[in-house]
1. Right, B:R274: under 19 Å from B:S395 (Cα atoms), more than 14 Å from chain A (Cβ to nearest Cβ) and out of contact with any Gly (no Cβ under 6 Å at 6 or more places or on another chain) or not?
2. Just the residues that are facing chain B (nearest Cβ under 10 Å) and touching a Ser or Thr at 6+ places or on another chain (Cβ under 6 Å), please, taken from the stretch A:31-62.
3. For the stretch B:6-19, which residues satisfy the criterion of being touching a Leu at 6+ places or on another chain (Cβ under 7 Å) and closer than 17 Å to B:F381 by Cβ?
4. Would you say B:R143 is of a type in the set (K, R), at negative phi and within 14 Å of chain A (Cβ to nearest Cβ)?
5. Looking at the stretch A:216-231, is at least one residue farther than 30 Å from A:D142 by Cβ, in contact with a Ser or Thr (Cβ under 8 Å, 6 or more places away or on another chain) and charged (D, E, K, R)?
6. Within the stretch A:354-387, can you find the residues that are in a helix (DSSP H, G or I), facing another protein chain (nearest Cβ under 7 Å) and of a type in the set (D, E, K, R)?
7. Select, from B:A358, B:A339, the only residue that is farther than 25 Å from B:V28 by Cβ and either of a type in the set (S, T, N, Q) or more than 25 Å from the chain's Cα centre (by Cα) (or both).
Amino acid sequence: MQQHWKRLADGVELSVTQTDKFKTGLLAATLTIPLRADTATFGALIPEVLYRGSGHYPDMGKLSSAADALYGASLSTGVRQRGESQCVSVLCGFIDDRYALDGSAVLEPAAALMGEALLNPATRNGIFREEYVESEGANLADRIQARMNDKRSWAIFRLIQEMCGREAYAVDKLGDGETARAMTAERLWDAYRSLLSGAKVIFYYGGAASVERVEDAVRRSFAPLLTGRTAPVDCLVTPEPQGPARTVTDAMDVTQGKLAMGFRTGGVTMGSGDYPALLVCNALYGGSANSKLFVNVREKMSLCYYASSMLDKIKGLMVVSSGVEFSQFDRAQEAILAQLEAVRKGEFTLDELTAAGRTVANSLRSRLDSQSQLEDDQLTRLLFHCDREGEDLIRAVETVTADQVVEAAGKLKLDTVYRLTGKEG
Amino acid sequence: MDKLEYTALGQTVYHCVLPNGLNIYVDVRPEYGKQFAFFATRYGGMDLRFRGEDGDWLDTPAGVAHFLEHKTFDTEDGNALQRMAAHGVDPNAFTSASMTGYYFDGVEGFEDNLRTLLSFVSVPWFTPESVDKEQGIIAQEIRMGEDDPNDEAYYRLLEAMYVNHPVRGRVAGTVESISHITADTLYQCHKAFYRPGNMVLCAAGNIDPQRVADIAREVLPGSQTSAAETDHGRPERPEVGEKFTRRTMPVSIPLFTLGLKGTPAARGEGLRQRLLAELTCDVLFSPSAPLYNRLYEQGLLNSSFGSFYSDGPGCAFIVAEGESRDPERVRREVLAEAARLAAEGIDQELWDRLKKAAYGTMVRRLNSMEDTCIELAEAHFDGEDYLSFPQVFQSIERGHGEALLRAWFVEERCALSVIAPEE
């Protein structure tokens, strides 16, 4: 597996993971802009409208048919959040040429189809079609509302809203329903034009094709994007809570409660020297089946059906997510905090430490076997200029000491607690 | 071991049957960094009634296969989950209506971990105390599922479609049903179904297939015994039990699951029926299908919409699910379009394109060792060869799709389950 990188223009990069271990190629074009409350709805809506049709394939059925004809290429458009940035992507996964039944090349036509979808949308009078904007605006508003259907992720979403309410991080990458419903084709078109001219652009390819072939396909299919630009990619890291820990409670008609707790990492992020220690600390505390939360709070005390912790390595956050009986909220919260206190005091065995290190190293290595995770990781690395490659990070993780874990745990500060409870009666 | 070459797919799989009846498949992938192993028994949520050793029929509580899955990780020396996690691997398990599977992936210590996997699954260890405690944990899992509107819509659909077949019950059972499970129940079920002859081991990655077979031979019992006979209730009639079911929950817009009750495939025809049913679904429901596009443009469906085919011993059905402001109209439109296509014929160009797309999608899925191993196991239980799908595709014609539409997509075989927002 070989990693290549090339600047195609200022703010325009091409990253290639060349490997023949997959049966497929994955090509992605990602446009990144700051995540802001007044523009998030545009960034979320543009990919949806693009998927409705292009100049040559003016409706969704025709655009999907074109992807079907490329052996079921998985053409998709979407939006992701990375720290305090909003990433608008067109992605396409397609079988490698050697599996095409008629032996024809798939990479070039797939790149052309992506370029068509991104750069030549279906228009009327020189702007997006009003009916596409209107119906996708309504769909997006529905999707935003549907966030509450999955209670586990809803609890985390609400926690972040409360915890980072004054930071761009809490802005919903999907925008807001009201703006989405009221969107006009004219306003969205303006936002689309400035996205194309101003956003940072990262092209990614993973697969068996040569770098030259990929660069050639990208240059042919995305020519209008290969112009210099200076889009900033920033993320404000708040090292400490801005006051004593706060508790927020919502009530909904549910039979099981959700408890989500947000911590600041003391400013440790993916670029920090002590990031490997934080990774191991998280695995030891709540990030694996061998973790303190899983073994003690879930298995031994039976307080939660699930209890786990995860990191946002860009923003410097740790979130504990758990499902609890309504009557157990206080006990579960105490137990979750007590386990963190134990890590802070170094109350863990060498076996636990070794297992945590192995879990992290294992999951980092496993990501190299997944094409979509490779894309995702490479995008994050390029956006935040973190040049620590997979293997370097794995080596660092494997040498983390108990003292370093204790230090990382000591920096974790509880910021906000969110409880989703049932309605009375 | 036998070496099976699938040249068109660039896959090599090794296969053997041990003297104790266990089938082993190893998908060798030298270029992958991790290894994956999947050890499964043909025993799932629907296998509630079976013949015990004394020859008498035994009825077990709903949810017992799933309960057993949880408790299988217990060993005399502690919990295998933690033992394997200590090696940095991530063991897990799932129970479906017709299968229970245990698996792990890891980048080192594969042979040790494989030994642990084979050992904890094959050696039962249950105590009344640990069963009591698990009742609390699983009750919470069941309640969590009951709060999930998608789960709820799906199980209410199965209840409406099926009258006798145990697929209509939740795999995890109910809080009430699992309260009847004891350590004895678990031992009986383990004995009946966790026998090498009723199981399959699939592994993938940069591994030596012969070592996998050797380790399995060392760890597992040597004697061959066939699996217990199961009873899935009186034969189902082709029609659904109820055509419509609805309840309210805290959702933002109505969710629906639309089901078409099919005819179970004959032995050896399962893969073909599945590919045919999925292709026929694509004709109606895929993003390039005219019906889906029309309903999408009319605002009756959104991008959350999707469909799948599912089957098991004695049952086969198609499910289309999504969000809609008017699920009943979606049902009418689906049945009307199916009737039109059955009468006028499916467009040949559309059919050929969807077939090509379905083939490519299955090739793409082979990237995943997990998906490939699980598919190999499922196909094995059905007496089929999953990787023969390129040939099976060739034998499927548009006329077969039209026949399936005519037979399955009719009023009497169709049920609709709706979860509506609260007032």
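The values are calculated or read from the model by the stated rules, or taken from the named source; none is laboratory data. What you see is a predicted model; the values in this text were computed from it and never measured. All Cβ positions, even for glycine, are placed from backbone atoms using ideal geometry, and neighbour counts span all protein chains on display.
1. Numbers: under 19 Å from B:S395 (Cα atoms): yes; more than 14 Å from chain A (Cβ to nearest Cβ): yes; out of contact with any Gly (no Cβ under 6 Å at 6 or more places or on another chain): yes.
Considered against the rule, which asks whether it is under 19 Å from B:S395 (Cα atoms), more than 14 Å from chain A (Cβ to nearest Cβ) and out of contact with any Gly (no Cβ under 6 Å at 6 or more places or on another chain), B:R274 comes out as yes.
2. Result: A:Y51, A:G61.
3. B:V13, B:H15, listed by residue number.
4. Numbers: of a type in the set (K, R): yes; at negative phi: yes; within 14 Å of chain A (Cβ to nearest Cβ): yes.
So B:R143 fits the description; yes.
5. So far as the stretch A:216-231 goes, yes, one or more of its residues are farther than 30 Å from A:D142 by Cβ, in contact with a Ser or Thr (Cβ under 8 Å, 6 or more places away or on another chain) and charged (D, E, K, R).
6. Selection gives A:R358, A:R365.
7. Values: B:A358 fails: either of a type in the set (S, T, N, Q) or more than 25 Å from the chain's Cα centre (by Cα) (or both).
Going through B:A358, B:A339 in turn, just one is farther than 25 Å from B:V28 by Cβ and either of a type in the set (S, T, N, Q) or more than 25 Å from the chain's Cα centre (by Cα) (or both): B:A339.
One line per residue, one yes/no per condition, for (1) part of a strand (DSSP E or B); (2) farther than 30 Å from A:F326 by Cα; (3) polar (S, T, N, Q):
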site	(1), (2), (3)
A:R193	no, yes, no
A:Y205	yes, yes, no
A:G228	no, yes, no
A:C235	no, yes, no
A:D250	yes, no, no
A:T255	no, no, yes
A:F263	yes, no, no
